[in-house]
Every structure is written in C-alpha cells, then in structure tokens.
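Everything on this sheet refers to the single structure shown next.
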C-alpha cells in the first residue's frame, strides 16, 4: 500500500484555526489528521513496537509554523507513515488498523449514512451478495458477514478478499451504488447486450486494489463514488481469491462454498480472456462441463490452461524490448510475465526469487500540460539475469501500486512455503520490513510481551482535542459500543463546516506531491517506495 500526504489544509473550528494533513492511500483520500493526532499515534507505536523500526517523528514547535515549515512537516510526516506502514507487524496490528479506521470514521462523523446495505459481486456478472453493514465495521468484519451468508467456513475466509473495482454504469441493468449520503438504485434503459457485443474482449471490471482492515468498505465506497456524475464509471466491491499461488486451490476443493467462488471467478477469467485457451476443442469441453454444473471437473481442466490463477493487468507500457513498448502483464505462481505488444506468442518470465528489489515512482508535468500527462506511476524492478548481471525493468502503468502489492504477496507466500505453513491464517514467524532504511530481517516481537497485554484497547485523539479509548476486536473493527462516540462527541460539539465542504472537492489523485513541486514544461520524478525482496537471498546455482 502506498501512503501519501499530498496536501495540507487550514481548518476553522469556531474561533480556532489549525492545520490538517490529508492522508491518501494508493492515490485515494482516506482521512484528515492534525499533527497532534499523529504524534499521539507515534507515542503508542513506540510503546508497543519500540523505536528502532520507526523513523524520526517531526518535533513539536513552540510558535505557529510558517508556510515553508508546514511543507517541511508534511514531508516528514509522509515519510514517517510510509516507513511505519512497511513494517509487517505494525501494518497488520490492531493499533495501526484501528487508528486509521477511527480517523476515517471521524472525517465522516457528520454524514447521514451510518448503516446501509451494499451489494458485493461474486464475479463480474450480475450475481451479488447483499449485506447490511455499519460504518464502524472494517473490511475483515464485512468479509466475515459475507462468509457467513454464503456459508463459507471461517478457516477458509483468509483465502478470499474484498477488492475495489471500477466499471461502466451501463454494464448492469440495475446498479446499486453509494453517492454522498444516499444509496441509489439506478435502472439502466440502455441495451447492455449490444454494449457487450461491441466490447466482449474488454474488461468488465477494472481491479483497483484490495480493501484493507484499516478502512470501512461503506465509507470507502461513499468516498470513491462521490464524483460519479463526472464520468460514466462507478465503484463497487467484488469477492475474489486473495492468493497467487495456484497450489492453494487444493485446500478449498472439499468445501462447496469455497469451490463455487473459485469456479465463478474462473468462468469470468475465461470469458474475458484473462485465461488463454488456444484449443477450440478444450473451449467446447469447458462449455459442456459448465452446462453440467460440475465445478470440480471444470476446474481440473481450466487449471491446465495458460495464465490460470494469474492476475491480468490492463494494457500498459514497459522498457523491455524497446522503450515504452505496449505490453500486457500477468502476475501469479511466483512470477511476473510480460507479453510485449500484447502477444501471447512472445513472453518474458521474471521469477520472484530473482527480483532483488523493486521501487515505485511517480512523475508529474507542469500544470499547463494536458490532464492525461500530469501524473504517471512507474514500477521498476532489478532482475538477476545471471550471476554477474542485474538489470532494471521499467513498467509504466496506472496499476503500478497494485503490481507492487502482488509482488509483495508472492514474496509472503514464498516465505510461508519456506516455513512449511499453508496460508496466511497461520501467520509468519518472520518479521520483515520493506523499508530501505531498515535491515532485513527484523527482531520478532512476541505477542506475549507485556506491551501487548492491552492490545485490544487504543487511545484515539480527535481533532477537537477530546480523547477516546476504543475497544477493538481481533480484526480491528471498532466495537459498536464505542462507534457512536467517534461520530458524536460528549465533550465538545465538533462541527467543522470547512471540513465538510472540503469533502465535496476531494477526489482520487495519482501523485505524491504538492503543487509547489510542479514546474512548467518539465517532468519531475519522485521515488515513493523502494522494496527489498526477502526471498532474493534464497537464490542458488540451481535457480540460475
């Protein structure tokens, strides 16, 4: 995940004026926080995990900050939260997830929606799962509700995840989506069948990112769909596999609910050519098996086809064969596959264990440039061609952050395999940090440590200065008993009109920068993450 603080704002609360820092995650607004809120968060992190993995927190100032000092603090806070989020134990902790979840809820405290029904797609068809959720529930809590509704056993829940997707509004005859404070049920009078016939090879859903435990799916959907009227796209949630190692399929074959989810996803992947079938006879056999409603037999044949179980990204460019060559990229089974010119006849396979490190970069042009040229994400990785040759490969894609997450997931799955564990539900005994400022590996902190005795309680300081002690579940959802306190304060009436109106102007961004970073006619690059591969050391002569 990429955390950034691209801007600061001056907020008025009565006669008081203070600065807030807007936190964006993968280019999408998440919450606004004051310096003191982040400072108190730092104190709790330091008490729990120690200060050796945390970067230096910007010091307090006695006098009001000048504009250049505010900008300096913004950059320091951004660096701090980026490094903290790259530590595996911090990122997965109840403290980290609970704080960001509470911050997201505080920003939406004046909204009318506190509970609503949302539709979660099983695949990219019209088949959905309708669940009632609260604004205080995080992603894991919503996933648990969905699993209970489709009778998916708890031991298999971690094999699946909720993803945020973007799609055309006219693809579905009835679209349910959150916009502002209202849930809309939009009937589409257009002929979607004709649209499908003209676009049968196009992606129906564009995968944006996996929803995390530090966010409320209800509030995230609301934020993303706020500007829906400006485009023909809306955001929804889809339930899909969370792993990229094909062997994990076998763990799920004995459970009907889990098997059906894999089956539906596979049908969708074949339909949209994410799984490549070149033999027409095999394609016909799969269609016949599908009419027989035999998921296991269908999967046995589908698993043998090219790119089964891989995540297929939208077309992009890379500097492989030539500079900025059009290509299509697949990630899965501990490898990254690049097909130049979108051809399946020519492909370059990059194994994860040969990737020494990778980095994310953003680039920006001046404000007088066309909008499509103002921002760009790049993913670069250093690959071991042979024992004496390391080469950087550059990918230009709006899904670069998602690609980076996939690489990280494949590294984690490789580490689990090395430890002899089946899946993430068992947990890694190895603590790792993807920050270039830290050594690998890090010392493991035992959950029996005294600092973890009160791990289900966190202190959250609101923007008005009042203090809350929040009770967390094991999945970092804030309990309903305390959720109302986040939205309404008993100690003060915190009605921030300027913050409320600002929400109308918030929109996804693709830059980790401030306006002062732009300069006309030139392009500026900024590295936003450098990730070291924890399994690169496992390379031996047999791997080369």
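The values are calculated or read from the model by the stated rules, or taken from the named source; none is laboratory data. The shown structure was predicted, so the numbers you read here are calculated from the model rather than taken from an experiment. So basically every Cβ, Gly included, is an ideal-geometry build from the backbone, and we count neighbours across all protein chains shown.
Remarks
- Within segment 340-353, the residues that satisfy the criterion of being farther than 14 Å from residue 396 by Cα, surrounded by 14 or more Cβ atoms within 10 Å (Cβ to Cβ) and out of contact with any helix residue (DSSP H, G or I) (no Cβ under 8 Å at 6 or more places or on another chain) are 344, 347, 348, 350.
- Any chance residue 18 is under 21 Å from residue 402 (Cα atoms) and in a strand (DSSP E or B): no
- In summary, residue 361 fulfils each of the numbered conditions (1) out of contact with any strand residue (DSSP E or B) (no Cβ under 9 Å at 6 or more places or on another chain); (2) at pLDDT below 95 with the single exception of condition (1).
- Within segment 391-401, considering residues that are surrounded by 21 or more Cβ atoms within 10 Å (Cβ to Cβ) and farther than 8 Å from residue 378 by Cα, the one modelled with the lowest pLDDT: 401
- Hits in segment 64-76 - residues which are loosely packed, with under 11 Cβ neighbours inside 10 Å and part of a loop (DSSP other than H, G, I, E, B): 64, 66
- Selection status of residue 209, in contact (Cβ under 8 Å) with a residue 24 or more places away in the chain, surrounded by fewer than 21 Cβ atoms within 10 Å (Cβ to Cβ) and part of a strand (DSSP E or B): yes
- Of note, residue 233 satisfies the criterion of being closer than 21 Å to residue 401 by Cβ, surrounded by fewer than 17 Cβ atoms within 10 Å (Cβ to Cβ) and touching a residue at least 12 places away in the same chain (Cβ under 8 Å).
- Any chance residue 169 is at pLDDT below 90, in contact with a strand residue (DSSP E or B) (Cβ under 8 Å, 6 or more places away or on another chain) and more than 25 Å from residue 260 (Cα to Cα): yes
- Segment 390-424 - residue that is in a loop (DSSP other than H, G, I, E, B) and under 17 Å from residue 160 (Cα atoms) and, of those, farthest from the chain's Cα centre (by Cα): 422
- Subset tally (residues that are within 20 Å of residue 40 (Cβ to Cβ) and either assigned to a strand (DSSP E or B) or out of contact with any strand residue (DSSP E or B) (no Cβ under 8 Å at 6 or more places or on another chain) (or both)) for segment 98-143: 1
- Residue match in segment 137-148 (condition: farther than 18 Å from residue 204 by Cβ, surrounded by fewer than 19 Cβ atoms within 10 Å (Cβ to Cβ) and free of Cβ contacts under 8 Å to residues at least 24 places away in the same chain): yes
- Unique residue being surrounded by fewer than 17 Cβ atoms within 10 Å (Cβ to Cβ), assigned to a helix (DSSP H, G or I) and without any contact (Cβ under 8 Å) to a residue 12 or more places away in the chain when the list is 61, 46: 46
- Among the residues of segment 26-40, those identified as out of contact with any strand residue (DSSP E or B) (no Cβ under 6 Å at 6 or more places or on another chain) and part of a strand (DSSP E or B) are 28, 29.
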